[in-house]
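A short reminder: the numbers here are calculations on the coordinates, not readings from a lab. Computed from a predicted model, the values in this text were never measured in an experiment. All Cβ positions, even for glycine, are placed from backbone atoms using ideal geometry, and neighbour counts span all protein chains on display.
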């Protein structure tokens, strides 16, 4: 059963249930109101005739001749012959007098009469049972009116139900239209069309779902492009050293080149390059699957970064690049795998040296985290060309290159930053980049401070 049909059935059931409840409640209310009105009319009519009898008794001291007095009052009130009979009974139920205004008086067992006490000087002296055809007319009017109201209400509710059901079908179609578009988009994505975009013109949950689906489609498309680029890059990286190795071996086998150490050096270089490529891919796979084991020790971070700066200072001098170190704190202790941490910073510093032109500068600095006292930061800032804004968000993606045509001499597969990011996260930290074209780049590594004994600080 489709969602649209379920919504329509639910709306139809709700409308019919509400219509039935309204019909029952309105009938009960109308009947109650008419019953109350009829009872009030009966009591008022009986009270009026009882007052006539009370005045007569006060004037004459008995009920003798009451028939003429009531008949005269009927003419005065202008009620015609609606009054049928008044039976005056003693307090013990015996009939004292009977006033009949019709040829055929009511049956003595008729219970339609209204009994009202006759009170003289504050004391009840008898009861008057009043039979009035006006009351009977009101009862007939009540039944007729209730039937008419019920019929009109039922017809109105049926028309309302029909309109509501038609409107419900239209509303259910309108509600499920975005869902149908989303389902169509899912089928197209499942069929391999990753360029599918779902357009939902609303501002509700369906629009957010469509946005999430479009984002998923974009990420899948990016993943496919990354995979294709990976295959091309790996093929290129493997083809070149294998071609060189094969060429050198062919020369040696054909006797065109002697198998001397100098002839084997190019082969060895390419084997080392292949081994490095395999190691990087293996490290990245282990890091992403959280299977890379860290051998952590206590590291004094400020001194460690200072020593790392000195290791790269010689290479910086060869490139005519100024490199210096600055720290806002004296000491900071962290728990880290020194070898893996060196991989992180060596990659970042090597990238800075690669892209910083001659007469440029690279600065390494250590400082407390501005918002979290349990973290410490180290920044590598260069004066290179910077990174375009559209590429910054992809800089840590696997196999991503800021230069599509970058040669093998200027870089590898684009795994270095991806590995560095994974290693930093394995240490409980992160890497962020801030860059602006023409103003250089700053990579900031954030790491958690080592928990010290109570009363001691991990930073000074």
*Fully extended, how many nm does the chain gain between residue 238 and residue 264 (0.36 nm per residue separation, minus their Cα-Cα distance)?*
7.5 nm
*Computed FRET efficiency, Cβ-Cβ of residue 212 and residue 300, R0 56 Å: what is it to the nearest 0.05?*
0.75
_One quarter of the convex hull surface, Cα atoms only: what value does that give for the chain in nm²?_
49.7
*Roughly what angle does helix 3-60 make with the longest principal axis of the chain, taking Cα atoms, 0 to 90 degrees, to the nearest 10?*
30
*Approximate spin-label separation residue 320-residue 220, in nm, with each point projected 7 Å along Cα-to-Cβ*: 5.3
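Rg to Rh ratio, the stretch 297-448, alpha-carbon atoms and Kirkwood radius?
0.94
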*Label points 7 Å out from Cα along the Cβ direction at residue 91 and residue 55: separation in nm?*
2.6
_Relative exposure of 328, 422, judged by other C-beta atoms within 10 Å (fewest first)_ = 328, 422
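Sort 131, 333 so that the residue with the fewest other Cβ atoms within 10 Å of its own Cβ comes first and the one with the most comes last.
Placing the least packed residue first, the sequence is 333, 131.
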*Tilt relative to the chain, helix 301-318 - C-alpha long axis, 0 to 90 degrees, to 10*: 50
*asked:* At a 10 angstrom cut-off on C-beta neighbours, averaged per residue, how do the peptides 336-343, 58-65, 272-279 rank from highest to lowest?
replied: 336-343, 272-279, 58-65
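Over the alpha-carbon set of the stretch 205-276, divide Rg by the Kirkwood Rh and report the Rg/Rh ratio to two decimals.
The Rg/Rh ratio comes out at 1.45.
How much length is gained if the chain between residue 195 and residue 37 is pulled fully straight, taking 0.36 nm per residue apart and subtracting their Cα-Cα distance, in nm to one decimal?
That pair, residue 195 and residue 37, stretches by 49.5 nm at full extension.
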*Just rank 421, 123, fewest to most, by other beta-carbon atoms within 10 angstrom.*
123, 421
_For the ranges 114-121, 428-435, 91-98, what's the packing order if you count other beta-carbon atoms within 10 Å of each residue, average per peptide, and put the highest first?_
428-435, 114-121, 91-98
*First measure r as the distance between the Cβ atoms of residue 180 and residue 254, then evaluate 1/(1 + (r/R0)^6) with R0 = 56 Å and state the FRET efficiency to the nearest 0.05.*
0.25
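Could you give the length gained by full extension between residue 434 and residue 163, i.e. 0.36 nm per residue of separation minus their alpha carbon distance, to one decimal place?
91.4 nm
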_Angle check, please: helix 416-426 long axis (alpha carbons) against the longest principal axis of the chain (alpha carbons), in degrees 0 to 90, nearest 10._
60
*For the chain, what's the relative contact order in percent, using C-alpha pairs closer than 8 Å and at least 6 residues apart?*
10
